[in-house]
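The structure under discussion appears below in the form of structure tokens.
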């Protein structure tokens, strides 16, 4: 009797739930706790009206927290009632949520371990459960967290792409710039997927209250924002603009490297990262080589200087200052015939509203960069994701700032 009373106290059970038997399997290192329902009445889980017990389900099994390092399970033939409104329903149990294969306490412990370790495989191994069971816990936690989100005011959002796996497989990520969280994720980076993402992640009231959306110049994203968020300003932030300018520098370098190699000049061979890396982060050897190349005043060095000079644009205090700077900068690169940089500049001119909106709103791109880095960590630790839904669940679990934990049954 003592073991039954002990586990009744540990599980926090009260009438009409009773521990009827505790089986110890030393060979398999398992403890099985059998629970029975000692009442002829039960409540409908939908409307909470009391009815006579109709019948009992087949015996079910839930994984519970270990007892003395032995796997512990709860088993029970859960009663059913026959509700006039909802039909035959299984009554609620106090130790687990509906359709769960684990107890509330086990689920809470698993979530805490996942948040601490960030590693699904190691967490599953530590808990001695299958990867599928752990993923089920994560999926339920995310579903629970999304359902608990309140309709908060959101002023600034970001929409960005992230590769899921090799072969141009992308996902679109919607983020809350102020709260530094992922709102939701959609498969692909088309106009329809971006539109679906916006509508799934934001309520109509939130969409109406938005001031600005930070994004790159990907046409699909622009079209989706124009369609779904017509009152929000598009902002092309510093991070994305500098990415395009860096691309212009690299294309200039590659073109000039080919020309130089024709005369057996290998000055620019294997120099890609010298022009993409911040000089402050270079090794002594890299910095020495970079300075020697700069002294030659190559077209590549001029393109790099133009890219660096453009950083002043983001320090403009007014829209007029920004327009004046851009006009001067554009004339300078045209005068130097920096063709690849001119091409980038023309693209920026075509998207001048979004460019100037950066000065208006000063939306910091650090959130997008930080989230991208964290998503990359999730990919690395998870060793890639073959299924989109698994990737989405992992991103929202770790970066959605959701209320993930189950509530104890009353």
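Miscellaneous remarks
- Filtered residue count, region 233-270, keeping only those that are surrounded by fewer than 19 Cβ atoms within 10 Å (Cβ to Cβ) and farther than 30 Å from residue 213 by Cα: 14
- Residue within region 60-78 that is over 24 Å from residue 10 (Cα atoms), surrounded by fewer than 17 Cβ atoms within 10 Å (Cβ to Cβ) and either free of Cβ contacts under 8 Å to residues at least 60 places away in the same chain or touching a strand residue (DSSP E or B) at 6+ places or on another chain (Cβ under 7 Å) (or both) present: no
- Per the listing 311, 227, 259, the residue uniquely on the phi < 0 side of the Ramachandran plot, outside the structural domain of residue 345 (by TED's automatic domain parsing) and in a helix (DSSP H, G or I) is 227.
- Flag for residue 245 being free of Cβ contacts under 8 Å to residues at least 40 places away in the same chain, in the same structural domain as residue 338 (by TED's automatic domain parsing) and closer than 25 Å to residue 338 by Cα: no
- Within region 1-56, considering residues that are out of contact with any strand residue (DSSP E or B) (no Cβ under 7 Å at 6 or more places or on another chain) and part of a helix (DSSP H, G or I), the one farthest from residue 77 (Cα to Cα): 2
- Sole exception among (1) more than 26 Å from residue 18 (Cα to Cα); (2) in contact with a strand residue (DSSP E or B) (Cβ under 9 Å, 6 or more places away or on another chain); (3) touching a residue at least 24 places away in the same chain (Cβ under 8 Å) for residue 118, by number: (2)
Here is a yes/no grid of residues against (1) part of a loop (DSSP other than H, G, I, E, B); (2) in contact with a helix residue (DSSP H, G or I) (Cβ under 6 Å, 6 or more places away or on another chain); (3) surrounded by fewer than 19 Cβ atoms within 10 Å (Cβ to Cβ):
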position	(1), (2), (3)
291	no, no, yes
307	no, yes, no
328	no, no, yes
348	no, yes, no
355	no, yes, no
374	no, yes, yes
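- Set side by side, the residues 312, 308 differ, and just one is farther than 12 Å from residue 246 by Cα and under 33 Å from the mean Cα position of the chain (by Cα), which is 312.
- Some residue of region 151-163 being out of contact with any strand residue (DSSP E or B) (no Cβ under 9 Å at 6 or more places or on another chain), in a helix (DSSP H, G or I) and either surrounded by fewer than 21 Cβ atoms within 10 Å (Cβ to Cβ) or at pLDDT 95 or above (or both): no
- Look at (1) in contact with a helix residue (DSSP H, G or I) (Cβ under 6 Å, 6 or more places away or on another chain); (2) at pLDDT below 95; (3) under 30 Å from residue 69 (Cβ atoms) and you find that residue 107 fails only one, number (2).
- Flag if residue 57 is surrounded by 15 or more Cβ atoms within 10 Å (Cβ to Cβ), under 43 Å from the mean Cα position of the chain (by Cα) and closer than 30 Å to residue 86 by Cα: no
- Scanning region 193-232 for residues that are under 15 Å from residue 358 (Cα atoms) and either surrounded by 19 or more Cβ atoms within 10 Å (Cβ to Cβ) or modelled with pLDDT under 95 (or both) yields a total of 7.
The values are calculated or read from the model by the stated rules, or taken from the named source; none is laboratory data. Remember, it's a predicted structure, so these values are computed and weren't measured experimentally. Every residue, glycine as well, gets a Cβ built from its backbone with ideal geometry; the counts of neighbours run over all protein chains shown.
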